[in-house]
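Derivation of every value follows stated rules applied to the coordinates shown; laboratory data play no part. What you see is a predicted model, and the numbers here were worked out from it, not measured in a lab. Positions of Cβ are backbone-derived with ideal geometry, glycine not excepted, and every protein chain shown enters the neighbour counts.
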Amino acid sequence: MNGSLRGRSLLTLTDFTPQEINLMLETSHELKRQKRIGQPHRIHEGKNIALLFEKTSTRTRSAFVVAANDLGVNPEFLGKDDIQLGKKESVKDTAIVLGRMFDGIEFRGFKHETVEQLAKFSGVPVWNGLTDKFHPTQMLADFMTMQEYFGHNLKGLKLTYVGDGRNNTANTLLLASAQMGLDFRILSPNELRPDEQLINQAHQLAATSGAKITLTDNFDDALIGTQVIYTDIWASMGEEDKLEERINLLRYYQVNRAMLDHTGNPEVKFMHCLPSFHNTETQVGQEVQEKFGLTEMEVTDEVFNSTNSIVFDEAENRLHTIKAVMALTL
């Protein structure tokens with residue numbers, strides 16, 4: 001296993017060069033191959049990691065647990081009510097204690113500053129499983145999935161993100177696409193554009209990589225010729241009180257068959273980081289139907305379950321990319 005990333009933390013992908021990101025992706029593909037053929041890769045036998053979760057999760061928690069076990073690592077889940085983080089003990093003190101006991105720490109929660117402090121004071125690799133600003137392990141899975149469909153060189157790939165352009169997924173896609181040389185578009189209302197500081201950072205990265213960055217509410221500019229349409233839920237965890245406002249802003253940005261047809265590309269792929277509100281088969285879906293009369297939100301059920309959709313490939317690849325990050329940094 002390449003040792004060039006040993007001891008490094010993954011807080012945001014901009015902490016790494018494009019070459020280092022490609023190393024993570026190459027390792028992900030290799031570990032997926034080994035998993036598929038049943039080849040053991042318990043290269044970190046006997047190590048222990050802490051999984052800190054302020055926010056609940058399906059894919060992030062499952063991926064870290066399975067990846068750790070595959071690598072011979074013992075994962076210890078620490079939920080928001082299991083430890084004193086931020087309640088009776090500061091983030092700094094918690095980081096020092098956990099760093100003395102564990103070989104690595106995953107954090108999924110609200111404030112990005114928390115994961116930064118864990119990395120600063122723990123003395124062990126820290127991996128960002130999601131914060132209010134960034135979602136880097138998701139982006140690695142997204143890029144791996146796009147490589148499986150479009151080849152390993154993603155330079156110039158036309159990727160359109162539709163919806164809330166200010167959330168952690170959009171932020172990370174914006175910067176990662178700028179780093180890796182994509183033709184990246186955000187289609188959103190002007191009220192939901194990314195922070196200007198992030199836009200400026202993306203343009204600086206694009207000047208080096210050759211990426212093209214487009215932020216627009218013009219459907220033609222964002223959609224025509226695109227190869228991938230990506231969306232996310234309209235109100236993230238902790239933003240439930242903003243759902244009505246988001247519905248009013250985004251109801252015309254729903255990914256549906258008409259939007260896919262607008263691209264002029266019958267092979268356009270659909271991606272979503274999940275969970276998705278594409279029907280009423282969830283408690284939230286039923287509440288939205290009762291309150292707002294909607295049976296689908298950010299994507300229609302027809303598109304979600306269509307042959308254009310690669311969302312479950314994307315979900316599986318959370319495992320392989322997270323495993324690669326741990327394998328390279330522990």
For the stretch 255-269, in order, what is each residue's ³J(HN,Hα) by Karplus, 6.51 cos²θ - 1.76 cosθ + 1.60 with θ = phi - 60°, in whole Hz (x at glycine and Pro)?
7, 9, 4, 4, 5, 4, 5, 4, 5, x, 10, x, 9, 4, 9
Is the C-alpha gyration tensor of the stretch 43-90 telling us rounded, prolate or oblate? Criteria: a/c under 1.5 is rounded; beyond that, a/b larger than b/c is prolate, otherwise oblate.
oblate
Placing each pseudo-label 7 Å from Cα in the direction of the beta carbon, GLU281 and THR58 end up separated by a distance in nanometres of 1.0
Could you give the semi-axes, largest first, of the ellipsoid that matches the stretch 194-310, computed as the square roots of 5 times the alpha carbon gyration tensor eigenvalues and rounded to whole Å?
27, 19, 12
Translational diffusion coefficient (Stokes-Einstein; Kirkwood radius from C-alpha pairs) of the stretch 144-205 at 20 °C, 1.002 mPa s, in µm²/s:
179
Computed over the chain: longest principal axis from alpha-carbon atoms vs helix 59-70 long axis, angle to nearest 10 degrees, is 40
With a/c under 1.5 counting as rounded, go ahead and sort the chain into rounded, prolate or oblate using the C-alpha gyration tensor (a ≥ b ≥ c being the square roots of the eigenvalues; past the cut-off, prolate if a/b is larger than b/c, else oblate).
prolate
The chain: angle of helix 311-329 to the longest principal axis, Cα-based, in degrees nearest 10
30
Label-point separation in nm, MET101 to PHE292, each point 7 Å along Cα→Cβ
4.2
How big is the Rg/Rh ratio for the stretch 1-96, C-alpha atoms only, Rh by Kirkwood, two decimals?
1.00
Please give the length that would be gained between ASP93 and ASP313 if that part of the chain were fully extended, namely 0.36 nm times their separation in residues minus their C-alpha to C-alpha distance (nm, one decimal).
75.3 nm
Not counting the cut sites, what is the longest span of the chain without GluC sites (Glu not before Pro) that DSSP labels loop and that have at most 16 other Cβ atoms within 10 Å?
46-238
Straight-line reach only, C-alpha to C-alpha below 16 angstrom: list the aspartates and glutamates that LYS47 could link to, leaving out same-chain residues fewer than 8 apart.
ASP70, GLU76, ASP103, GLU106
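What is the gain in length, in nm to one decimal, between ASP221 and HIS41 on full extension, counting 0.36 nm per residue of separation less the C-alpha to C-alpha distance?
60.3 nm is the gain from fully extending ASP221 to HIS41.
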Which shape class, rounded, prolate or oblate, goes with the stretch 116-219 when its Cα gyration tensor gives a ≥ b ≥ c as root eigenvalues, a/c under 1.5 marks rounded, and past that a/b bigger than b/c marks prolate?
oblate
Springs between alpha-carbon pairs under 10 angstrom, Gaussian network model over the chain: which of GLN283, GLN84, GLN147 fluctuates most?
GLN283
Nearest 10 degrees, 0 to 90: helix 283-292 Cα axis against the chain principal axis:
30
If contacts are Cα pairs under 8 angstrom and at least 6 residues apart, what is the relative contact order of the stretch 101-184 in percent?
26
